[in-house]
Amino acid sequence: MPPFVPPWFLQNGLAMTLYTALVSSQTWPQSIDLPPVAYQDQIFKGQGNVPIFGRWAVPNRSKGTIVATYGITGSLNDQWQLEILARKAHHRGYGLVVFDWRAHGKTAELSPTLTSDGIYEGDDYVALAAQAKTLGCVPPFWFMGYSLSGQLALWGAKAAMQLPAESGLAPGDIAGVVVVCPSLDSNRSLRYLTSHPLGKYLERAIARELKRLAQRLAQAHPNHFDPAAIDRANSIWGFDHELVISRLGFASVEDYYNASSPLPFMAELTIPTLILYAADDPLFSPAIIPDLKQVCAANPKIDLVLTDSGGHVGYCNSSAGQRQAGDSDPWWAWNRALDWVEKVGG
């Protein structure tokens, strides 16, 4: 796999993360010359019959289908990283299923069901793949995600190890999982983020978006949420404490994070998995990295690509890096993800 070579001014993880969020989010359309995907809208049924809004597309002579969603906040209408992945995948001949995960986008309008950080979303990935197959999406399916949806996709890998008999999915229909800068240990990372002099500002920005998410949910489903609890949800921890854990049956946020973090079960994964992870990701505790390396080294089904730099889902490659990789654009992580899919898929 060609190395990631960031521009000189983006060799710091926080700089890369901020640049990606503030600059690349606005300029990305100029970086790729690929048309938007012509999707069809679909309301799928997730685990527990929760309605999940998604979009799907099947190209001519499809090589398979990628099932993907986005990170902690947003919707299908504004997630540009997911849009880049989708255009690239479709251009290479892959079908697509992209979706608003629980409590997000149009899915939030359909149901008051809150997030579970993978506990149920992993089953959602499998359920969407099964229903997409009946719509004409071609196996094999590849689950993908980044940031928090990387955590969800890893739960999808776990769920895919025991496919429901009634799913209509055959062994081998779920071919692999690709995650970029996934959340792996929420307790350690949130403690790290809130104690870091600069990280705490990132946490506050995410918390503001979570509060807006809760407010939109309450507006759509006014009898399901306590306005006072939403008012008190002024942090990531507070959002989960006030709104999530009681609905899922957890006594504390810490217990919930322990239960939903994928690092403890990754040693048992039998689905081929690629993890792209930046050592300088400012959102995650560096203390996780030795454990991640140990788990991946012991599991031959996991390919870990640990880079020195990259920030949080940044991976904006330099011109020199693009030439070295043979890429036509700076999106190193998505190019490597699709290269890996083509290699593993044969």
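Residue by residue through the stretch 323-331, what is 3J(HN,Hα) from phi via Karplus (6.51 cos²θ - 1.76 cosθ + 1.60, θ = phi - 60°)? Round to whole Hz and write x for glycine and proline.
Taking θ as phi minus 60°, the curve returns 5, 5, 8, x, 8, 9, 8, x, 8 Hz for the stretch 323-331.
Under a 5 Å amide H to amide H cut-off, with H placed in plane at 1.01 Å, what residues pair with Val67 once short-range neighbours are removed?
Amide H neighbours of Val67, under 5 Å, 5+ apart: Val97, Trp142, Phe143, Met144.
Roughly how many percent of the accessible protein surface of the chain is carbon and sulfur, given a 1.4 Å probe and a whole-percent answer?
52
Over all pairs of distinct alpha carbons, what does the Kirkwood formula give as the hydrodynamic radius of the chain, in Å?
Averaging 1/r across every pair of different Cα atoms and inverting gives 20.2 Å.
Quick one: check the C-alpha center-to-center distance for the stretch 186-217 versus the stretch 245-295, whole angstrom.
Spelled out, the Cα-based centre of one part sits 17 Å from the other.
Write down the Å³ per residue value for the convex hull defined by the alpha carbon atoms of the stretch 77-156.
Values: hull volume 7.8 nm³, N = 80.
Looking at the stretch 77-156, the number lands at 97 Å³ per residue.
For the pairs Lys45/Lys158; Lys88/Lys133; Lys133/Lys293; Lys106/Lys293; Lys45/Lys343; Lys211/Lys293, flag any whose C-alpha to C-alpha distance is greater than 29 Å.
Distance filter (> 29 Å) returns Lys133/Lys293; Lys106/Lys293; Lys45/Lys343; Lys211/Lys293.
Roughly speaking, what is the stretch gain from Val344 to Asp308, that is 0.36 nm per residue apart minus the C-alpha to C-alpha distance, in nm to one decimal?
Result: 10.5 nm gained on full extension.
Taking 8 Å as the Cα distance limit and 6 or more residues as the minimum spacing, I'd like the relative contact order of the chain as a percentage.
22
If you plug each phi of the stretch 243-253 into the Karplus form 6.51 cos²θ - 1.76 cosθ + 1.60 with θ = phi - 60°, what whole-Hz ³J(HN,Hα) values come out, in order, with x for Gly and Pro?
Couplings: 10, 9, 5, 5, 6, 9, x, 9, 7, 8, 4 Hz.
Which ³J(HN,Hα) values in Hz, rounded to whole numbers, follow from the phi angles of the stretch 264-278 under the Karplus curve 6.51 cos²θ - 1.76 cosθ + 1.60, where θ = phi - 60° and Gly and Pro get x?
Taking θ as phi minus 60°, the curve returns x, 9, 5, 5, 9, 5, 10, 8, x, 9, 10, 10, 9, 9, 9 Hz for the stretch 264-278.
Quick check: from the Cα gyration tensor, does the stretch 204-346 come out rounded (a/c under 1.5), prolate or oblate? Don't skip to the end; give the middle numbers.
Values: a/c = 2.40, a/b = 1.72, b/c = 1.39.
Verdict is prolate for the stretch 204-346.
Please list, ordered by chain and number, the residues whose modelled amide H lies under 5 Å from the amide H of Tyr94; skip anything fewer than 5 residues away on the same chain.
Lys63
Which percent, nearest 5, of DSSP beta bridges in the stretch 1-149 are antiparallel?
On the way: 10 of 18 bridges.
If I count the DSSP bridges inside the stretch 1-149, around 55 percent turn out antiparallel.
Using modelled backbone amide H atoms (1.01 Å from N, in-plane), which distant-in-sequence or interchain residues come within less than 5 Å of Lys45's amide H?
Correct list: Ile52.
For n ≥ 4 DSSP H runs only, could you compute -39500 (n - 2.57) per run for the chain, divide by its residues and tell me the 222 nm figure to the nearest 500? Please report the intermediate quantities before stating the final value.
Values: 14 runs with 139 residues, N = 346.
Theoretical 222 nm ellipticity from helices: -12000 deg cm²/dmol.
Between Lys293 and Trp8, how high is the FRET efficiency from 1/(1 + (r/R0)^6) when r is the Cβ-Cβ distance and R₀ = 35 Å? Nearest 0.05.
Efficiency, from the Cβ-Cβ distance: 0.80.
Kindly work out what percent of the DSSP beta bridges joining two residues of the chain are antiparallel, to the nearest 5.
Roughly 30 percent of the DSSP beta bridges within the chain come out antiparallel.
How high is the relative contact order of the stretch 42-137, in percent, counting Cα pairs under 8 Å that sit 6 or more residues apart?
Rounded, it is 38 percent for the stretch 42-137.
Which GluC sites (Glu not before Pro) in the stretch 204-276 sit in a loop by DSSP (not H, G, I, E or B) and have at most 10 other Cβ atoms within 10 Å of their own Cβ?
For GluC sites (Glu not before Pro) across the stretch 204-276 that sit outside H, G, I, E and B with at most 10 neighbouring Cβ atoms in 10 Å, the list is empty.
Excluding residues on the same chain fewer than 8 positions from Lys200, give the aspartates and glutamates whose Cα lies under 19 Å from its Cα.
Asp185, Glu209, Asp240, Glu254, Asp280, Asp281
Please calculate how many Å² of accessible area the chain carries per residue, with a 1.4 Å probe and no DNA, RNA or ligand atoms counted.
42
When 1/r is averaged over all different Cα pairs and the result inverted, which Kirkwood radius in Å belongs to the stretch 1-107?
By the Kirkwood definition, the hydrodynamic radius is 15.5 Å.
Counting only C-alpha contacts under 8 Å and six or more residues apart, can you give the relative contact order of the stretch 204-344 as a whole percent?
RCO, the stretch 204-344: 16 percent.
The values are calculated or read from the model by the stated rules, or taken from the named source; none is laboratory data. Computed from a predicted structure; not experimentally measured. No Cβ is skipped: glycine too gets one built from the backbone with ideal geometry, and neighbour counts run over all protein chains shown. We work out accessible area using only protein heavy atoms, side chains counted, and drop any ligands, DNA or RNA first. Shrake-Rupley method; radii C 1.70, N 1.55, O 1.52, S 1.80 Å.
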